[in-house]
Each structure stands twice: as structure tokens, then as C-alpha cells.
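Here is the structure we will look at.
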Amino acid sequence: MKERFVLDASALLSILLDEPGQSRVNQILDRSQIHAVNLAEVIGRLVRAGMPPEKAVAALGRLYLEVEEEFETKQAEFCGALLGTRRDLGLSLGDCVCLTMAASLNAVAVTADRRWKELDGTAFNDATIRVELIR
């Protein structure tokens, strides 16, 4: 079975904004998904950059990326623990959602945020965080 990936906002934005790291994200896009919270971050960033909301949504739709909409209590507990214990890394709630989703799916969290590498291999309950940097 091929490796699965969970994209954070920075990884998806690398494709949409033609940024460094986009080639790696393009390579794994067909095996990737994103949480709806992180998708909201992407849309917000595009709109702040001047893109009309409907164009941002359309651009994302053309990527045919699987979007996870669920977030269970066990995931919320893991996410909250991560948010509360690793504020030293400047993690946002969206960051923790992405990391939690990846760990719960036994997938790799993909990001441009170098600080996440410190979390690679961290175990929480029955899950392990795995991180890949795109730049």
C-alpha cells in the first residue's frame, strides 16, 4: 500500500501560489487529503491576497483533493494535548488539526513549517506524528 499524506495549508498554498516545494506536493497530491479546517486557512490566505472567494473555492475544487470533515473526540483530545504542550513551536489550532489527522490516519503530515520537524516521531496515545518538509 502506498504512503498517504495529509497536507497543511502551507503545502497546498505552494501549488496555488507557485512557491518552492510545489513539485513535491504535486508528486503526492493523488495520495493526499486535507482537513476542512486547513482548507479554510487556504481559502482565507487566497482571499487576503486579493482572490475573490468564489475563485479560491473553484481553484481548490480543480485539485480534486479529498477533504476530511470529521473530527472525533479522541482526535480533539490529542489535538488539545498537542496544542497545550508544544506552544514553544508556535503551533496554531490548524497546525494541530493537521498533525492530529495525519497521526490518526498513520499518514505523513506535509508542511513548509520547519518547526514541525521537531515533532517527527512523537507518540501520543496510540498514534505517532510523522512529518515531511517540502522546503
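Descriptive notes on the structure:
- Size of electric dipole in the stretch 67-110: Cβ of Lys, Arg +1 and of Asp, Glu -1, about Cα centre, debye, nearest 20: 220
- Positive-end extreme of charge dipole, the stretch 1-123 - chosen from Val57, Leu16, Met101 (charges on Cβ): Leu16
- Couplings for the stretch 49-64, taken from phi via the Karplus curve 6.51 cos²θ - 1.76 cosθ + 1.60 with θ = phi - 60°, read 7, x, 7, x, x, 5, 6, 4, 4, 5, 4, 5, x, 5, 7, 6 Hz in order; Gly and Pro are left as x.
- Placing a label point 7 Å from the Cα of Glu69 along the Cα-to-Cβ direction, no residue of the stretch 107-132 has a backbone N closer than 18 Å.
- Spin-label model, Thr128/Leu105: points 7 Å from Cα along the beta carbon direction are separated by 1.9 nm.
- Mean separation of Cα contacts under 8 Å, 6 or more apart, over the residue count of the chain: relative contact order %: 30
- Between Ala40 and Ala59, the contour length at 0.36 nm per residue exceeds the alpha carbon distance by 5.5 nm.
- Amide H contacts under 5 Å for Glu68, placed H, 5+ residues apart: Ile34, His35, Ala36
- Val6 long-range amide H proximity, modeled H, under 5 Å: Gln33, Val108, Ala109, Val110
- Packing-based ranking of 36-42, 3-9, 68-74 yields 3-9, 36-42, 68-74, ordered from highest to lowest mean Cβ neighbour count within 10 Å.
- Calculated FRET value between Ala76 and Val47, using beta carbons and R₀ = 30 Å, to 0.05: 0.65
- The calculated FRET efficiency for Ser92 paired with Lys2, based on their beta-carbon distance and R0 = 41 Å, is about 0.90.
- Amide H contacts of Phe124 (H built 1.01 Å from N, under 5 Å, at least 5 apart or other chain): Ile129
Readers should treat all values here as calculations from the given coordinates under stated rules, not as data from a laboratory. Since the model is a prediction, treat every value here as computed from it, not as a measurement. Positions of Cβ are backbone-derived with ideal geometry, glycine not excepted, and every protein chain shown enters the neighbour counts.
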